[in-house]
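Just so it is clear, none of the values below were taken in a lab; they were calculated from the coordinates. Note that this is a predicted model, so its numbers are computed, not measured. Here the Cβ positions follow ideal geometry from the backbone for every residue, glycine too, while neighbour counts run over all protein chains shown.
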Amino acid sequence: MTAPFPYDGIAGAATDPAEGEAANLHRQYCWIARLADEMNAEVELDLKRTMQLVFHCRTFRQWYDALQARIGQGHTQAQIGDILQGLFALKKCIWATRAAMLQDLQGIYDDAGTVSAWIEANAAQYKQGFSTNVVVNDQGDMSDTPIKTTKTTAIATRISTIRARFGARP
């Protein structure tokens, strides 16, 4: 048996743009998992992390939508599934089945929209600033001190909901 010849192993071959979109989706997936994990464990609400969570939730949805838009536009659902499954496997994120992966990614997509919209509507103080500059030594070096606020039950519930989408930390 011979090894398959790579489609991008030909001079001038264009790389499939869906691969880059899947890589960007994975990056946002990592950020959401990390931030949700850290924020879920904290007693107070860190406004910088809140800002980051909103940003990465929106960006996850953007890349997810970009991949979904490719279906029927030169890609099939199976091809997009292949790209996602291959990229996530390369990054050691492996599901038992492709259907389970797609279902989880859809769930994260839904929760990312819910949490970012809820924060915008109910905790928009994160936009007012998320750190204060403080002098840390005699040379005048500055450091950012995070601004933290009370974590309400409502926002804690939304953060723990999105955190529950991910398994235990390795």
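Most mobile of 12, 86, 107 per a Gaussian network model of the chain (Cα springs, under 10 Å)? So, out of 12, 86, 107, the one fluctuating most is 12. Converting phi to 3J(HN,Hα) with the Karplus coefficients 6.51, -1.76 and 1.60 and the offset θ = phi - 60°, segment 38-47 yields 5, 5, 5, 7, 7, 6, 9, 9, 7, 5 Hz in sequence order, with x at every glycine or proline.
Comparing 73, 125, 139 in a Gaussian network model of the chain where C-alpha atoms under 10 Å apart are linked, the largest mean-square fluctuation is found at 139.
Expressed in nm², what is the orientationally averaged projection area of the convex hull enclosing the Cα positions of segment 40-101? Working shown, then result.
Values: hull surface 22.7 nm².
With the hull built on Cα positions only, its mean projection is 5.7 nm².
Connecting C-alpha atoms closer than 10 Å in a GNM of the chain, tell me which of 43, 54, 115 has the biggest fluctuation. Its mean-square fluctuation being the largest, the pick is 43. Take 32-40, 144-152, 16-24 and order them by the average number of nearby Cβ atoms within 10 Å per residue, most first; the result is 32-40, 16-24, 144-152.
Over all orientations, segment 17-163 has a Cα convex hull whose mean projected area works out to 10.9 square nanometres. For residue 147, nonlocal amide neighbours, meaning residues 5 or more places apart or on other chains whose placed amide H falls under 5 Å from its own, are 47, 48, 131, 132. Only lysines eight or more places from residue 48 in sequence, or on another chain, were considered; those with a Cα closer than 18 Å are 127, 148, 151.
For segment 2-15, the Karplus equation 6.51 cos²θ - 1.76 cosθ + 1.60, evaluated at θ = phi - 60°, returns couplings of 9, 6, x, 7, x, 4, 9, x, 10, 4, x, 5, 7, 6 Hz by residue, with Gly and Pro reported as x. Farthest toward the positive end of the dipole of the chain, out of 79, 119, 52, is the Cα of 119, where the dipole comes from beta carbon charges about the Cα centre.
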